[in-house]
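K.L.:
Below you'll find the structure I mean.
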Amino acid sequence: MSSALTLIAGPKALQHIRSRGLKANDFSLMAGASGGPKWFILFGLDKYLSGEFFKDRRTPLHTIGSSAGAWRMACFAQNDPVAAITRLAEHYSQERYSEKPDVAEITAKARLMVQTTLGSNGAAEVIAHSTIRTHILADRCRGPAASEQAWLQLFGLALAAGANALSRRALGLFFERVLFHTGPEPALQLKDLPTRTAPLHTQNLEQALMASGAIPMVLSGVSNIADAPKGVYRDGGIVDYHFDLPFNESKGLVLYPHFSQQVTPGWLDKKLPYRKVDPRHYDNVLMLTPSREMVAKLPYGKISDRNDFKHLDADSRLKYWRTVLLESERMAEDLHEMVTTGKGLENIQPFQP
């Protein structure tokens, strides 16, 4: 029977795991990418990793995420991470909207989702967690992309897309990456694009999570986050969609549960086949991804995504998403076997950008 899980590793991670197996304390950082409801296929893995694999951790584990990935990583730093990730999955997968929802409606529902995920004391738990150090990526807008007028925002995004097609560094003309973090200092020093850091605390965590998930033209931007550079913030995935960050500078291995076997640096790179991540950044990264065989057996032969809102009626979409959440448990079962017996680790695939 084919595995539901495919492991992909950079050269350093591949050599390390083949000699030592999968050990929780060998990982110093974990990443969560943007992707909206695509992450439902990772639900089982998130529960296993937070509730079992990292359960007894005593040394710092840094997490970094953008958009839905940031929401997931915030669950890991709560006192009951399995309950938190379950609240997020259940609320997100059961969301219903009016026939033609506007930005205000979608933003209000997203805020309720974040608040539900955090619960009554989640913000304090994330900030005070003894081992999980949370990092959230959001983008401070420059120029017309900061506007809430749809045509002006779209114009700013179009300019950014055109400049980005020529050079990823040109994104710095339109967006400034802001890395929010708990702990005394951030885990990574990001120098590829204009980047500033800001401390997370109980008064700005919800704002940072909302900003990281503020999809342009879909949700409202978040203005003037407390103790962060002034301005309008939007989705962290614009700049850091699947990450082209210097993970190789992390002291230990990097764990990256990802819904795809491909990585795309930024949101505006999705239609640029020539835009690849720097393979050196993935030298010490282990990716946990759904196998192609597993995806082929899902309804519609694919994982869930935001296009399901367009192509499926609400009842069909909710049924489909529930199936994806249930099927995700198979990935967790396969990972558990690899951790406890080592069986399957011989099939790790080398990372290719």
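The values are calculated or read from the model by the stated rules, or taken from the named source; none is laboratory data. The model shown is predicted, which means the values in this text are computed figures rather than measured ones. Backbone-built Cβ (ideal geometry, glycine too); neighbour counts: all protein chains shown. Accessible surface areas use protein heavy atoms only, side chains included; no ligands, DNA or RNA. Shrake-Rupley method; radii C 1.70, N 1.55, O 1.52, S 1.80 Å.
K.L.:
With the condition being open to solvent by 50 Å² or more (accessible area, probe 1.4 Å), I'd like the strands (runs of 3 or more DSSP E) fully within region 102-202 carrying at least 3 qualifying residues. Give the derivation first.
P.N.:
Values: elements: 132-141, 175-181, 195-199.
Passing ranges, in order: 195-199.
K.L.:
So Gln78 passes all but one of these: (1) assigned to a helix (DSSP H, G or I); (2) open to solvent by less than 50 Å² (accessible area, probe 1.4 Å); (3) not aromatic (Phe, Trp, Tyr). Which condition number does it fail?
P.N.:
With (1) assigned to a helix (DSSP H, G or I); (2) open to solvent by less than 50 Å² (accessible area, probe 1.4 Å); (3) not aromatic (Phe, Trp, Tyr) applied to Gln78, the lone miss is (1).
K.L.:
A follow-up question, please. If a residue must be open to solvent by 50 Å² or more (accessible area, probe 1.4 Å), touching a helix residue (DSSP H, G or I) at 6+ places or on another chain (Cβ under 7 Å) and either more than 24 Å from Thr63 (Cβ to Cβ) or outside any helix (DSSP H, G or I) (or both), how many such residues does region 81-101 contain?
P.N.:
Here the count works out to 4.
K.L.:
Now, a different point. Do you know which residues across region 307-324 are of a type in the set (Lys, Arg) and surrounded by 11 or more Cβ atoms within 10 Å (Cβ to Cβ)? Full working, then the answer.
P.N.:
From region 307-324, those of a type in the set (Lys, Arg) are 310, 317, 319, 322; that's our starting set.
Within region 307-324, Arg317, Lys319, Arg322 qualify.
K.L.:
May I pose another question? Here's a check for you: in region 124-170, which residue that is hydroxyl-bearing (Ser, Thr, Tyr) and at pLDDT 95 or above is nearest to Arg72 (Cα to Cα)? Give the derivation first.
P.N.:
Kept after step one, since they are hydroxyl-bearing (Ser, Thr, Tyr), are these residues of region 124-170: 130-131, 134, 147, 167.
From the residues that got through so far, the ones that are at pLDDT 95 or above too are 131, 134, 147, 167.
Working: Thr131: 16, Thr134: 11, Ser147: 28, Ser167: 30 Å.
Out of the qualifying residues, it is Thr134.
K.L.:
A further question on this structure: Only one residue in Ser250, Ser260, Ser328 is within 19 Å of the chain's Cα centre (by Cα), under 30 Å from Thr59 (Cα atoms), open to solvent by 20 Å² or more (accessible area, probe 1.4 Å) and of a type in the set (Gly, Ala, Ser). Which one?
P.N.:
Ser260
K.L.:
Looking at region 179-196, I want the residues that are within 14 Å of Glu249 (Cα to Cα) and have a partner that is assigned to a loop (DSSP other than H, G, I, E, B) with Cβ atoms under 7 Å, at least 6 apart or on another chain. Which pairs are those?
P.N.:
So the pair list comes out as Ala187/Ser250; Leu188/Leu245; Leu188/Pro246; Leu190/Leu245.
K.L.:
May I ask you to verify whether Arg111 is among the basic types (Lys, Arg) and out of contact with any His (no Cβ under 7 Å at 6 or more places or on another chain)?
P.N.:
Criteria met by Arg111.
Every residue, every condition in (1) under 19 Å from Ser250 (Cβ atoms); (2) modelled with pLDDT under 95; (3) in contact with a helix residue (DSSP H, G or I) (Cβ under 9 Å, 6 or more places away or on another chain), yes or no:
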position	(1), (2), (3)
Ala9	yes, no, yes
Gly21	no, no, yes
Met30	yes, no, yes
Trp39	no, no, yes
Leu42	no, no, yes
Phe54	yes, no, yes
Pro60	yes, no, no
Ala70	yes, no, yes
Cys75	no, no, yes
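K.L.:
Take Ser130 and decide whether it is farther than 30 Å from Tyr48 by Cα, free of Cβ contacts under 8 Å to residues at least 40 places away in the same chain and among the polar types (S, T, N, Q). Don't jump to the end; show me each part of the working.
P.N.:
Details: farther than 30 Å from Tyr48 by Cα: no; free of Cβ contacts under 8 Å to residues at least 40 places away in the same chain: yes; among the polar types (S, T, N, Q): yes.
Answer is no for this residue.
K.L.:
Right, something else. Can you find even one residue in region 282-298 that is out of contact with any Gly (no Cβ under 8 Å at 6 or more places or on another chain) and basic (Lys, Arg)?
P.N.:
yes
K.L.:
Are any residues in region 11-62 surrounded by fewer than 20 Cβ atoms within 10 Å (Cβ to Cβ) and among the hydroxyl-bearing types (Ser, Thr, Tyr), and if so, which ones?
P.N.:
Within region 11-62, Ser19, Ser28, Thr59 meet the criteria.
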